[in-house]
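J.: Below are the structure tokens for one structure; questions will follow.
The values are calculated or read from the model by the stated rules, or taken from the named source; none is laboratory data. Everything quoted here is computed from the prediction, not taken from an experiment. A quick note on method: Cβ atoms are made from the backbone with ideal geometry, for glycine too, and the neighbour counts reach across all protein chains shown.
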Amino acid sequence: SSVESRRVTIDDHFEDLNNGCDLGDEKDQFEKAQIERWQSGPSERAGCEHVLITRGERGMSLLEGRVASNFPSAAREVADVTGAGDTVIATLALALAAGATLGEAASLANHAAGVVVAKFGAATVTPEELVSAVERQVVRT
């Protein structure tokens, strides 16, 4: 029998996914040794090839195999973080469904979260706001 490859997005709290594996404060810094411990711990147990971890004001880290990519926070100001994780998972899933690479989807999700945290309460991001946030980043680089 063949194994089907599927993309599954899961919104889980880091501590829950960590499941008792002593990794230190993974959200602060992803070093090679920590990535290896992560991959031999929760990531391996869950059968994950790729893991995207939101790190609050430090942005996000994407683990793809043995490679870690860090995305600095795209937030310009923070009013309320309510719903930021939901925004990340929704934007990530939508971008992947539309054909984006995992890195592109993570970057877009990072920008979307940066928009919603600037608003009070559970907020949404419009397509125009997201395009504007991405364009601002392109101009800065």
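J.: Give the stretch 53-101 a look and list any residue that's in contact with a His (Cβ under 6 Å, 6 or more places away or on another chain) and aliphatic (A, V, I, L, M), or say none.
T.: Once the filter is applied, which keeps residues that are in contact with a His (Cβ under 6 Å, 6 or more places away or on another chain) and aliphatic (A, V, I, L, M), the stretch 53-101 yields only Ala74.
J.: Being within 13 Å of the chain's Cα centre (by Cα), closer than 25 Å to Gln137 by Cβ and at pLDDT 90 or above is the requirement here; does Ile89 meet it?
T.: So Ile89 fits the description; yes.
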